[in-house]
Structures are given as structure tokens and as C-alpha cells.
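Notes follow the structure.
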Amino acid sequence: MEILPIITPLLKPGDDLAHILMERGGIAEGDIVVISSKAVATTEGAAIDLSSVVAEKEAMDLRKKYDKTAQYYQAIINETKRMNGQFIQTVDGIVLTELRPDGMTHGSILVPNAGLDRSNIDDGYVIGWPQDPVASGEKLQQQFAIPRTAVIITDSGLCPRRRGVMAFALTVCGIDPLQSMVGTPDLFGQELGVTEEAIADQLATAANFMMGNGDQSCPAAIIRGHNLTFTDFSGWVPGIEREKDIYYGVI
């Protein structure tokens, strides 16, 4: 399997992202295109101008505890509400949020700051996810107009008790995000009982290694030679309900 980075110019609102990725990446039949949610949101004009945000009491209270503006925390509150979420806890000024965006039918997403980020955006702004990442992925796949291609829209995140940033898949269009291994044998011929491979998340993290999170100007990567089956799946990557999560009660 190959992971091919796509280097782009600095992306701006209104840019034709599909054209840029095809021109810079040489996308071909059979490719899976992994794209940063922030890149998609940027070209869709989804950045939030903090000067336009009116802070309310909860945000003002957070501002008193931590060295960030009340407008920043209000933006997090607003995004959390928009995606049917809640605050779990706050550590060193980072808010752990649990989100269940419209259209997500199974589980929820645990993510810092409702997916908002102050990096890779003009000063005074924050950038998060596209307004509808499922529709964004479908639109890109259609604009590529290349047979047997798939799109994964990703974000960076954290793994419990592990240091460092990883990546995960928000939405997928064109392949199944999970692969059940239940009933297949292990090395000793014992049947696996619960194992599912998080295909989309694994590809997201592999691609993120090439894409980076700094000034690499590499918002996307191509997964080629993967031998995965293309399907008609399009949607949020299914999660797990809280009471069935092994971390339930810890987080």
C-alpha cells in the first residue's frame, strides 16, 4: 500500500478543493482520498470570526479560570450545542466534548473543544468541521468523477492515557469504515468473538503521518494499492453507545 501526500497552496474560502486535489495529487481510479476536515471547512468558508461571537456567562466563567478568551469558549459552546453535544470536563483549559451530530445514528464522538482549532487559520479566527461533513465528502467524490474512488474526512484527536496527536475519521464515502472479524480464526484457530477493524480510523492515522498538523501545507493524502472493496457507504463513522464503551465511568 502507498500513501501519497498532496501538497497544496494555502487554501482559502471559495477555493475549488476538488480541482486543487486532482491537479496536485493525480487522483486515479481505485484511490482513497483522505482529507483534513479543517481543509474542507476552510474552503467552505466555515471559519468563525471570534470578534463576532457574543460571550455568555458560562464562557465568561471559563475565561476566569484559563488563559483563553471568553469568545473562544463561547464558540466551543455554540459548536457543542449545534452538534447535540455536552461538556464532559475541562483540563488545562481544554474542554472535552461529547458530540452526536445530526445524521450520526450510532454512538458519539469524544473530541477536544468541539473540533475547533486555532491553528492553521488567521489570527482571531477558529476553524472546526464542515457544517455537514457527509455532504462534503459526497460532493468531493462526485466532483472527482473518477470510478471507484472513496473519500475520508478526518480530524486529529487524542487517545485516552496516551501522549501525542493521532487522527480519526469523521465521515466516509465509498468504503465501509469498519470491518468485522467476528467468526474468523486467529493464529491458533480460535474464533474471534468481538473484534472489528477500524479501517477508516487506521487509514486516517496513516495518512495523517504524511499530512502533519503544522506548516506542511499537506491537507490530504492518497491511499493507493489498498485492496479494499468499494461500497455505497456514505455517512458518519459509527461509534459506540456510552454504556457499552470500555472507558465508560472513566471518561
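Read the figures in this text as sums done on the coordinates, not as results from a lab. In this text, all values refer to a predicted model and were calculated from it rather than measured experimentally. Backbone-built Cβ (ideal geometry, glycine too); neighbour counts: all protein chains shown.
Report, by chain and number, residues whose modeled amide H sits under 5 Å from the one on ILE6, excluding near sequence neighbours (fewer than 5 apart, same chain).
Under 5 Å from the amide H of ILE6 lie the amide H atoms of ALA220, ALA221, ILE222, each far enough along the sequence or on another chain.
Going by Cα centres, segment 30-52 and segment 199-237 are how many Å apart?
15
Could you list which residues have their amide H under 5 Å from that of VAL95, counting only those 5 or more apart in sequence or on another chain, with H placed in the peptide plane?
Counting only residues 5 or more places away or on other chains, the set is ASN113.
Under 5 Å between amide H atoms, partner at least 5 residues away or on a different chain: which partners does ALA167 have, H built in plane at 1.01 Å?
Distant-sequence amide H within range of ALA167: GLY157, THR205.
To the nearest 500 deg cm²/dmol, what mean residue ellipticity at 222 nm is calculated for the chain from DSSP H runs of n ≥ 4 alone, each contributing -39,500 (n - 2.57), summed and divided by the residues?
Helix contribution divided over all residues of the chain: -7500 deg cm²/dmol.
Take every Cα-Cα distance within segment 47-128, group them into 5 Å bins from 0 onward, and report for each bin the whole-number percent of pairs it holds.
3, 16, 26, 26, 18, 7, 3, 0
Each residue of segment 200-216 in order: what ³J(HN,Hα) in whole Hz does its phi give by Karplus 6.51 cos²θ - 1.76 cosθ + 1.60, θ = phi - 60°, with x for Gly and Pro?
Working through the residues one at a time gives 5, 5, 5, 5, 4, 5, 4, 5, 5, 4, 7, 6, x, 10, x, 9, 5 Hz.
State to the nearest 20 debye the size of the charge dipole of segment 12-66 about its Cα centre, where the only charges are +1 on K and R beta carbons and -1 on D and E beta carbons.
For this selection, approximately 480 debye.
Which of PRO133, PHE230, SER156 sits closest to the plus end of the dipole of the chain, meaning its Cα is farthest towards the positive end, when Lys and Arg get +1 and Asp and Glu get -1 on the C-beta?
SER156
Determine ³J(HN,Hα), in whole Hz, for all residues of segment 116-126 in sequence, where each value follows from phi through the Karplus function 6.51 cos²θ - 1.76 cosθ + 1.60 and θ = phi - 60°; x replaces Gly and Pro.
So the J values, rounded to whole Hz, are 7, 9, 9, 8, 6, 7, 4, 4, x, 10, 10.
Mind ranking 143-155, 41-53 by how tightly packed they are, going by the mean number of other C-beta atoms within 10 angstrom, highest first? Intermediate results must be reported in sequence, preceding the final value.
On the way: 143-155: 20.8, 41-53: 17.1.
Ranking the peptides 143-155, 41-53 by packing returns 143-155, 41-53.
Within segment 68-86, what residues put their amide N at less than 19 Å from the label point 7 Å along the Cα-to-Cβ vector of ARG118?
Label zone hits: 68-80.
Over the chain, what is the mean sequence separation of C-alpha contacts under 8 Å (at least six apart), divided by residue count, expressed as relative contact order in percent?
27
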